[in-house]
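Working notes, beginning with the structure itself.
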Amino acid sequence: MAVHRHEFPLEEMARILGVSKQGFYKLQRRKISRRQIRWETNALLIQILYEISGKTIGVRKIRRVLRRKFKIHLGHNQVWRLMKWLKIKSKRVKKFKVITTNSNHNLPVSPNLLRFVGIPDAANRVWTSDITYLRVGKSWLFLCVILDLYSRKIVGWALEDHMKTALVSSALKMAITRRKPQGGLIFHSDRGSQYASIALRELLKNNNFIQSMSRKGNCWDNAWTESWFATLKLELGEKFLSYDDAKNEIFQYIEAFYNRQRMHSALDYQSPEEFEKSVA
């Protein structure tokens with residue numbers, strides 16, 4: 001266990017094991033076989049990865065992370081037995097449900113440029129955006145996010161009790177302030193009135209962005225953001241006590257967990273920030 005202390009703080013390892021720091025040292029001093037040491041070390045690493053992932057990591061992802069980060073090569077059955085021994089099981093991300101956007105308006109729409117562009121090869125080339133709703137008591141809050149398609153990082157977000165154009169503008173302004181992208185960036189969304197509005201088009205134009213929109217009623221054209229919302233609701237939930245509670249929970253999820261810690265299979269099991277730094 002001590003060999004991986006540089007990877008995880010002592011306090012974190014002790015917490016997950018359910019012991020004090022003194023108890024952790026006692027565990028290390030026990031006279032046990034090397035085989036048992038390997039078993040318990042691997043179990044501890046799997047437990048930590050499970051907690052860090054929001055309890056969603058499964059056998060395949062655990063094997064890849066152990067191999068890439070710790071040079072530990074375990075078979076599928078070995079990891080499965082360790083997870084069974086730990087009594088842990090990954091949550092399943094449900095396939096997202098299609099929420100048809102109200103595109104019944106007379107505002108101009110833009111063509112779907114992502115049909116020809118695909119996944120970009122650098123950050124700040126393509127951003128995608130969408131809106132979802134969250135339950136707060138008997139009312140609703142609306143969350144808008146801006147996702148960098150290259151690293152899957154959430155670069156901007158806003159939470160309000162309405163879904164007017166100002167909600168999208170606020171999230172987009174956060175992303176622009178943080179990332180300071182150059183002109184030519186493709187901004188992709190559905191055909192909702194918020195995205196087709198004059199105010200948002202002006203904001204995009206002033207930053208030399210190129211607007212792209214999904215085909216009518218086709219959620220797959222913006223599957224990345226839709227899928228992110230499904231993951232958010234699985235790992236964080238979609239019911240909150242109050243606006244402040246929701247904003248705090250979403251801030252912690254996006255800024256402290258998802259962007260910095262959550263491993264993504266499309267990023268070679270790195271977090272969005274790790275991925276951007278690794279290719280910088």
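The values are calculated or read from the model by the stated rules, or taken from the named source; none is laboratory data. Remember, predicted model here, so these are calculated numbers, not experimental data. Cβ: placed from backbone, ideal geometry, glycine included. Neighbour counts: every protein chain shown.
Listing for the model above:
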| item | result |
| --- | --- |
| Those residues of the range 223-235 which are modelled with pLDDT under 85 and either buried (at least 19 other Cβ atoms within 10 Å of the Cβ) or within 10 Å of the chain's Cα centre (by Cα) (or both), in sequence order | Glu235 |
| Test: residue in the range 248-259 that is at pLDDT below 90 and surrounded by 15 or more Cβ atoms within 10 Å (Cβ to Cβ) | no |
| Residue list for the range 108-134, filter: assigned to a strand (DSSP E or B) and touching a helix residue (DSSP H, G or I) at 6+ places or on another chain (Cβ under 8 Å) | Val126, Trp127, Thr128, Ser129, Asp130, Ile131, Thr132, Leu134 |
| The one condition in (1) within 19 Å of Phe251 (Cα to Cα); (2) at pLDDT 95 or above that Thr132 fails to fulfil | (2) |
| Of the criteria (1) assigned to a loop (DSSP other than H, G, I, E, B); (2) modelled with pLDDT of 60 or more, which one Val19 fails | (2) |
| Scan of the range 237-280 for residues that are of a type in the set (A, V, I, L, M, F, W, C) and either in contact (Cβ under 8 Å) with a residue 60 or more places away in the chain or part of a strand (DSSP E or B) (or both), ordered by number | Phe240, Leu241, Ala246, Ile250, Ile254, Phe257, Met263, Ala266, Leu267, Phe275 |
| Residue check for Lys205: over 24 Å from the mean Cα position of the chain (by Cα) and either of a type in the set (Ser, Thr, Tyr) or part of a helix (DSSP H, G or I) (or both) | yes |
| Odd one out for Gly137 among (1) at pLDDT below 90; (2) in the same structural domain as Ile210 (by TED's automatic domain parsing); (3) touching a helix residue (DSSP H, G or I) at 6+ places or on another chain (Cβ under 7 Å) | (3) |
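The rows are residues; the columns are (1) assigned by TED's automatic domain parsing to the domain that holds Ser129; (2) of a type in the set (A, V, I, L, M, F, W, C); (3) closer than 19 Å to Ala230 by Cβ.
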residue: Arg152; (1), (2), (3): yes, no, yes
residue: Arg178; (1), (2), (3): yes, no, no
residue: Gln182; (1), (2), (3): yes, no, no
residue: Phe187; (1), (2), (3): yes, yes, no
